[in-house]
Amino acid sequence: MHHAGDAGAAGELSALRQEFHRCLTRRADALFELTEAVLCADGPVRSVAELSLAGEHRRGHGSGYAALARGRVDIDRLRTALSRVSLPRAADGRLVLAVDVTCWLRPEAHTCPQRILCHTYGRGKDQHMMVPGWPYSVIVALESGR
């Protein structure tokens, strides 16, 4: 939240956190703490054990692995909860979206399912190559200010 004094945004965030916890149907507390640890991490997360060192995760690293293996999320309920969140808007009220289409390149993973050839730009000496991997997209709504 960029505006700490905005009680409406704080209330909306609190309501979303509560609804997200209700979407977790098995191993809810451990999954919730893992999610908070991922969101509060200072950089890329390389392992579940690394997440257990974050202050938001108050359990041992074994509970994180167990939550990922046996935890459950009610996807339909989560989708509904996320669709109710108000979108940030620019100063003039417009909805501004940013899109990033990225490939997770895995040329060595020969037997992984759903792997396709991803077009890459400028690898090597300005060469465009097709490299096996998984494409994914991220779309975010932007607001004015920092």
Cα atoms only: what Rg and Dmax, in Å, come out for the stretch 14-146? 18.8, 51
Just want to confirm a number: the relative contact order over the chain, from Cα pairs under 8 angstrom separated by 6+ residues, in percent. 20
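Is the stretch 79-137 rounded, prolate or oblate when judged by the Cα gyration tensor, a ≥ b ≥ c being the square roots of its eigenvalues, rounded requiring a/c under 1.5 and prolate requiring a/b larger than b/c?
Because a/c hits 1.5 or more and a/b fails to exceed b/c, the stretch 79-137 counts as oblate.
Apply 1/(1 + (r/R0)^6) to the Cβ-Cβ distance of Val101 and Met130, taking R0 = 25 Å, and write down the FRET efficiency to the nearest 0.05.
Working: r = 15 Å, r/R0 = 0.61.
Efficiency, from the Cβ-Cβ distance: 0.95.
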Going by a ≥ b ≥ c, the root eigenvalues of the Cα gyration tensor, does the stretch 4-89 fall in the rounded group (a/c under 1.5), the prolate group (a/b larger than b/c) or the oblate group? oblate
Write down the accessible area per residue of the chain in Å², having rolled a 1.4 Å probe over the full set of protein chains. 73
Mind checking which of Gly11, Thr120, Pro88 is farthest towards the positive end of the chain's charge dipole, using Cβ charges of +1 (Lys, Arg) and -1 (Asp, Glu) about the Cα centre? Thr120
Leaving out ligands, DNA and RNA, what percent of the accessible area of the chain is carbon and sulfur, probe 1.4 Å? 56
Cysteines without a disulfide-compatible partner [the chain; Cβ-Cβ under 4.7 Å]: Cys23, Cys40, Cys112
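Just to confirm a number: summing +1 for Lys and Arg and -1 for Asp and Glu over residues other than Glu36 whose beta-carbon lies under 15 angstrom from that of Glu36, what do you get?
Numbers: positive: Arg17, Arg27, Arg58, Arg59; negative: Glu19, Asp29, Glu33, Asp42, Glu50, Glu56.
Every neighbour counted, the sum reads -2.
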Label-reachable residues, the stretch 96-120, where backbone N falls under 18 Å from a point 7 Å from Ser144's Cα toward its Cβ: 96-98
Out of Glu56, Glu108, Glu12, a Gaussian network model of the chain with alpha-carbon springs under 10 Å gives the largest mean-square fluctuation to Glu108
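The values are calculated or read from the model by the stated rules, or taken from the named source; none is laboratory data. Just so it is clear, the structure is predicted and the values come from calculations on it, not from any experiment. Every residue, glycine among them, receives a Cβ derived from its backbone with ideal geometry; neighbour counts consider all protein chains shown. Accessible surface is based on the protein model in full, side chains and every heavy atom, while ligands, DNA and RNA are left aside. Shrake-Rupley method; radii C 1.70, N 1.55, O 1.52, S 1.80 Å.
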